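Structure first, commentary second.
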Amino acid sequence: MTDPSNNNGAAAPAANPLWGGRFAAGHAAVMERINASIGFDRRLYAQDIAGSKAHARMLGKAGIVSAEDVERIVAGLDTILAEIEAGKFEFKIALEDIHMNVESRLTELIGPAAGRLHTARSRNDQIALDFKLWVRDAVDGLDEQMKDLQAALLDLAERHAGTVMPGYTHLQAAQPVTFGHHLMAYVEMLGRDRGRMADARRRMNESPLGAAALAGTSFPIDRHMTAAALGFDRPMANSLDAVSDRDYALEFLSAAAIASIHLSRFAEEIVLWCADGFKFIRLTDAYTTGSSIMPQKRNPDAAELVRAKAGRVIGALNSLLIVLKGLPLTYGKDMQDDKEPTFEAADTLSLALAAMAGMVRDMTADPERMRAATDKGFITATDLADWLVRTLGIPFREAHHVTGRCVRKAEDRGCALAELSLAELQAEHPGITDAIYDVLTVDRSVASRTSFGGTAPDGVRARIADAREKYLA
């Protein structure tokens with residue numbers, strides 16, 4: 001609830017000095033608060049200053065601003081950058097945003113020459129540039145974190161390329177796999193996440209600077225020069241699109257949401273593997289917590305929090321989709337609300353990636369527990385069916401029925417498939433020989449899965465080597 005003592009309807013003391021020519025009086029105090037973005041867009045300071053320096057140098061080369069003024073502008077911007085990084089810069093809410101805060105301080109430092117910086121530029125193309133540069137930097141940082149998580153997974157997978165565990169469908173024991181093979185699935189998921197980020201980065205790597213407010217400018221600017229100076233491939237081809245485009249943020253958030261879902265799925269498995277019914281892995285005190293009442297508890301809270309964080313990233317994507325869905329070209333102040341969800345999503349995904357990499361390096365597997373779990377669920381039943389097809393030449397559907405009857409018989413007896421006598425097996429199909437027992441062990445089952453991408457330990461080791469070359473080189 002709003003505090004009435006805030007006097008929300010009262011006017012602020014004066015109009016903004018950077019654009020006050022049109023306005024004689026100040027805004028209502030509530031307008032100042034809802035309009036200002038400096039509380040969050042101060043994060044764009046490095047990108048804003050980099051864009052301004054590139055713009056100033058281009059103006060100088062084009063003869064639009066004198067070389068002396070360009071020198072003063074660039075030196076002043078360097079001073080501001082140093083002040084911000086040293087924590088000595090005063091951000092003022094009355095100046096609304098990062099652009100006006102920087103320009104106001106530049107005016108204090110170098111005088112009237114600061115006013116030339118905004119020639120042939122608008123806050124519309126300026127914020128489009130700053131935000132795109134920030135998202136591009138975020139993509140690069142997150143890619144490094146995803147790569148680090150892949151490295152952690154590969155190291156753990158290599159140690160457990162031959163560690164047998166149950167593979168599950170519907171959370172029911174299905175077929176034996178190796179722990180290393182299971183971990184490698186997440187290496188591949190992260191590879192796709194990195195690919196989506198890289199693809200979004202390629203598409204966003206066009207500069208909006210020079211589009212001005214929406215129609216371009218009559219000044220003889222060189223947009224290719226500023227694009228190259230800022231590491232873009234080229235300038236955007238349409239000035240209307242340049243200032244209104246936020247596809248790059250949507251693509252980033254979409255890729256981030258998918259990545260967060262992958263982390264959440266892995267986190268859920270970590271929670272399960274730590275649970276009493278599994279106990280496949282152990283996390284140390286570094287990534288677990290206790291209970292306020294039950295002293296025996298060791299809770300995998302880091303994994304549970306990673307699982308929860310996905311909702312925040314997905315929410316950020318939905319938030320920006322809703323902001324943009326009804327906007328006409330080109331710029332509306334609604335677009336000021338593009339930054340907070342994007343910042344939060346990047347921060348959240350970064351934290352989740354760091355936590356997950358830490359947990360992977362922290363976890364200790366229990367191969368004996370994993371192997372013991374393969375004794376349940378008739379996990380080599382498919383191997384029996386495959387043997388019937390391969391050795392006796394019967395159709396797989398018939399082999400499936402024969403195997404099903406064998407499973408029912410073992411279930412009735414309360415024993416494993418391999419504990420059925422040859423006579424009991426032959427009662428379901430007379431062609432079965434004692435050679436069947438060679439395929440009913442989990443080690444033989446795992447070793448037999450030699451198809452590319454299968455769980456055979458030698459194949460897993462080969463895929464680990466491939467992944468190191470593909471993702472880490």
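For the reader, a short list of remarks on this structure follows.
- The one condition in (1) open to solvent by less than 50 Å² (accessible area, probe 1.4 Å); (2) under 32 Å from the mean Cα position of the chain (by Cα) that LEU95 fails to fulfil: (2)
- Subset of segment 377-405 [more than 22 Å from ALA173 (Cβ to Cβ) and part of a loop (DSSP other than H, G, I, E, B)]: GLY393, ILE394, PRO395
- Here HIS262 passes the criteria (1) closer than 30 Å to ILE322 by Cβ; (2) open to solvent by less than 20 Å² (accessible area, probe 1.4 Å) except the one numbered (2).
- No other residue among LYS339, LYS279, LYS325 is touching a residue at least 12 places away in the same chain (Cβ under 8 Å) and over 26 Å from GLY180 (Cβ atoms) apart from LYS339.
- Selection status of LEU230, within 26 Å of ALA157 (Cβ to Cβ), modelled with pLDDT of 95 or more and open to solvent by less than 40 Å² (accessible area, probe 1.4 Å): no
- Evaluation of SER445 against (1) touching a residue at least 60 places away in the same chain (Cβ under 8 Å); (2) in a loop (DSSP other than H, G, I, E, B); (3) among the polar types (S, T, N, Q) (one fails), failing number: (2)
- Among residues of segment 59-76 that are within 18 Å of ILE49 (Cα to Cα) and part of a helix (DSSP H, G or I), those with a Cβ under 6 angstrom from a residue that is modelled with pLDDT of 95 or more and charged (D, E, K, R), sequence gap 6+ or separate chain, pair up as ASP69/ARG116; VAL74/LYS53.
Let's see how each residue does on (1) of a type in the set (A, V, I, L, M); (2) at pLDDT 95 or above:
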site: ALA120; (1), (2): yes, yes
site: ASP125; (1), (2): no, yes
site: ALA128; (1), (2): yes, yes
site: ASP137; (1), (2): no, yes
site: ASP143; (1), (2): no, yes
site: ALA152; (1), (2): yes, yes
site: GLY162; (1), (2): no, yes
site: GLY167; (1), (2): no, yes
site: ALA173; (1), (2): yes, no
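- Applying the set (1) within 30 Å of SER254 (Cα to Cα); (2) surrounded by fewer than 20 Cβ atoms within 10 Å (Cβ to Cβ) to ILE64 leaves exactly one unmet item: (1).
- Looking only at segment 1-30, and only at residues there that are in a helix (DSSP H, G or I) and open to solvent by less than 70 Å² (accessible area, probe 1.4 Å), the one that is modelled with the lowest pLDDT: ALA29
- Some residue of segment 193-205 being in contact with a Leu (Cβ under 6 Å, 6 or more places away or on another chain) and farther than 30 Å from VAL460 by Cα: no
- Taking the criterion of being outside any loop (DSSP other than H, G, I, E, B), surrounded by 17 or more Cβ atoms within 10 Å (Cβ to Cβ) and in contact with a helix residue (DSSP H, G or I) (Cβ under 7 Å, 6 or more places away or on another chain), the residues of segment 359-376 that qualify are MET359, VAL360, ASP362, ALA365, MET370.
The values are calculated or read from the model by the stated rules, or taken from the named source; none is laboratory data. These figures come from a predicted structure and were not determined experimentally. Neighbour counts are summed over all protein chains in view; Cβ atoms, including those assigned to glycine, are modelled from backbone coordinates with ideal geometry. Side chains are part of the model used for accessible areas, which takes the heavy atoms of the whole protein and leaves out ligands, DNA and RNA. Shrake-Rupley method; radii C 1.70, N 1.55, O 1.52, S 1.80 Å.
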